[in-house]
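Here the structure comes first, spelled out in structure tokens, and everything after it is commentary.
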Amino acid sequence: MWSIIFMGLAGLLVGGGISFRQQKRPAWVSISFYVLAGMALLAAYLFTLPAN
């Protein structure tokens, strides 16, 4: 369940990064959104691993 939530969050963050890039905002804003999206995808992957 958590992995689905984090994947959705990653999609929203990528959409925000694309939107800020189209609005000609500073590059660090878009890059930070992409980094956060990558971290959300990593968290989604980690939640799919079996617990030992």
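If the chain linking R25 and T48 were pulled fully straight, counting 0.36 nm for each residue of separation and taking away their Cα-Cα distance, it would gain 4.8 nm. Between helix 2-22 and the chain there is an angle of about 10 degrees, using the helix long axis and the longest principal axis of the Cα atoms. Against the chain, whose longest principal axis comes from its Cα atoms, helix 27-48 is set at around 10 degrees. When nucleic acids and ligands are ignored and a 1.4 Å probe is applied, V35 ends up with an accessible area of around 80 Å². F33 contributes an accessible area of around 60 Å² to the protein surface, as traced by a 1.4 Å probe with all chains present. For the chain, the spread of Cα coordinates along the three principal axes comes to 46, 16, 7 Å, biggest extent given first.
The values are calculated or read from the model by the stated rules, or taken from the named source; none is laboratory data. As the structure is a prediction and not an experimental result, all values here were calculated from the model. Surface accessibility is based on the protein's heavy atoms, side chains included, excluding ligands, DNA and RNA. Shrake-Rupley method; radii C 1.70, N 1.55, O 1.52, S 1.80 Å.
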